[in-house]
Structure formats: structure tokens, C-alpha cells
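Rule-based calculations on the coordinates, nothing more; no lab input. What you see is a predicted model, and the numbers here were worked out from it, not measured in a lab. Glycine gets a Cβ as well: all are built from the backbone with ideal geometry, and neighbour counts include every protein chain shown.
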Amino acid sequence: MPSPPLPHASTTARLLRRRRRQGMPTPLPPEPPVHAALTRPSSSMVIACLRGICCPTSSKPKPKPKPNQKTKTMAAGDDHTTTAITHRTMELSTGVRLHVAEAGPAAPGAPTVLLLHGFPELWYTWRHQMRALAAAGYRAVAPDLRGYGDSSGAAPELDDPAGQYTALHVVGDLVALIDALGEERVFVAAHDWGALTAWSLCLFRPDRVRALVALSAAYTPRSAALKPVDGLRALYGDDFYICRIQEPGAIEAEFARLGTELVIRKFLAGSRTPGPLFIPKGGWGSPDDEVPLPSWVTEEDLKYYTSKFEKTGFTGPLKYYRIQDFIHKGGFKKFVPLLDDVVVVMNDVGHFINEEKPEEVSNHIMSFIEKFN
């Protein structure tokens, strides 16, 4: 049974219709580019400031809501630091429950940085940056996105590839989360699919974003001439991983055959291998494959990721791929005219740059957002 319309998704749709009536451009959500680390042995961290796309609202700040659940404190990760990361589940107006990790002051005046993860990741991918931001006086907030980890999501039916995972649904969750945090506008730092979602957030609701730091996923415009998966299939063949993910049930069965831990190992280790990622229909290796972890991932980190994906499965997270259908390379500045032109290219680093180079990435994020405080 379909869920009720999402308030924030509906608001977005009305905004786009109004822009059309007024003869204004109506941007569409960006579509997924090929993961940078899967095509070359270096990755870029794109830092973009998106200001003034439309006039921000001038409503009064919302009062801080009372927590609907007691928070718990845990020392996430094994990096021997003392900054506490607290956890709570937040019931959003979209009907979704998001697990949210927080660090740093929640007092009025402390700027909030919303941290969005990619695949196959969780809030946990930001554990290093959360502590660095908190130590610098920021309120760091990292949710498990819809369908991931300890957050809820639409039922992951295999015969409904899109489900409730469109850009409008996921952006609606983020707007509802910003409301629930009692914030008008936030800084956003995002990686991989989180960055693609963040670009959509900036397009749909620029009044809620102060500045954006996008890691490993630059904005790419939509093309009406070519469906993304068709283009990828023509370029790389049916075994290219994004093409394989489009087959509901087939890739889940392959992941189940290999086991959750090995699948995550393969994705993390493969991020440093130049060239496209293939998952052959004949099998993505053996369950007995020995895949060493990258130096920046510990066995403890792997256990955490594995425990969460074993609980939820992969279908919900994979729907982020199944509802997007575009890959295109174009002029970044052309499509993001209000870009504060700061692009950081980090050599000798793979796709998961915020985990592989945590201190350097944390410093880049803070040096950028400090310009707007």
C-alpha cells in the first residue's frame, strides 16, 4: 500500500510548479556519476558554496523540540579520542524514523553541520569528522539515511525498484530533520550518494543550506536524450556494477551467496583499484576469497558495518541506484553558476576519502565553512 504524500516532497513539487509558471528555470535532481575512485587512483573533493539560488525564507527560528527518546552515549570507532558521540532516533514528519548521531554543542548559536553518507556506508563513515567538528565548536549531525542502519525506510519490495527512495523522498527526510533539529539553515558535508542527495537538497530547498562540501561526487545535469543505465551498459557492458544493481533480486542473491562481510570488504578494497567495477553474472568471486582491508579500515570498523547491513539487507540502499538513471561529464561551473570555486584534488587516495584521509578532509571542511560564520 502506498504511503501518504510527504509534506516536504509536496512543498518541493509546488515550488517547482511555481517556478515554471514564473518562467524561472526548474532544476532537476542530479543523477549518479561513476564513482571517482572506481575510474582513477585519485579522488577529488569538490567544495561548493551554493548561495542565493532563490531568496531564503525569513521565518523566525523554530524552537528546539524536546527529544522524543533518551539519548545514549558511545565512543564510536577505535581512534582513542574522548569526544562523545550521542545517538537518538527521531520521528520525522515524513513518517520515517531516522537514527541520528550527534557530537558537539547543541546550544543556541552553535552552527550545525549535517553529514550525509554514501554506499555501503552509515553515519559511522563520518566519525572522524564529527569529533574534529565538535572540537572546533560545531554541532555535527550524521544520520543513517532512509533504509540504512538503524533508520526506517519503505518496505524493500523487490518488484518495486523505486519504492519510496526518489530524490523528493530522501530530500524530504532531510528537510524534516533540519526542522526537527530546530534549525533554519545548516552547513552540509556529503559523500558519494549522500553528495548526490545534497545536490538535490540545494536545488529544491536552497533556503535551508548555508554551504555545501561535496566529496567524490560532483553535480551532473540531467539529460533527456539518454537514459543513464543505457549509456553505462553501452560503455561498460551488462556486468558493470551499476547495471547489475538494476536487476532486483539478482544482486541481492549474489551478495547473500558471498556474505555481507565479504561484500563490504570488496567494495572498500576495490575503491583503490583503477578502472570500472564489474560484478560478473557468473559470480563476484568465491565466498572463500581473502580480501585484505585497506589500512584506514579496522576489523572493528568492518564488524560495525557488517552488523548493520546484516540486519537491514542491501535492498533499501540499492534502491538509491535503481531510481537514478544518468551519467554525464560536463562543465561543473556551467551548471553550478553560484559555485564558490574551490576544488581540492587529493592524490593517492581512493573513493572513501573522508575515512582514508580523515584529518586532511576535516581541515578542508572546517576551513571552508568558517568563511560563512
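Given the pairs Lys319/Lys357; Lys266/Lys303; Lys227/Lys319, which span a C-alpha to C-alpha distance of over 20 angstrom in this model? From Lys319/Lys357; Lys266/Lys303; Lys227/Lys319, over 20 Å: Lys319/Lys357. Per-residue extension of 0.36 nm, minus the Cα-Cα distance of Thr298 and Ser223, leaves a gain of 23.0 nm for this segment.
Each of Gly282, Phe255, Thr315 was placed along the dipole of the range 228-322 (beta-carbon charges, centred on the mean Cα), and the one lying farthest toward the positive end is Thr315.
For each of Thr82, Thr112, Thr298, count neighbouring Cβ atoms within 10 Å of the residue's Cβ, then give the residues from fewest to most. Walk me through the numbers on the way to the answer.
On the way: Thr82 7, Thr112 23, Thr298 13.
Ranking Thr82, Thr112, Thr298 by Cβ neighbours within 10 Å, fewest first, gives Thr82, Thr298, Thr112.
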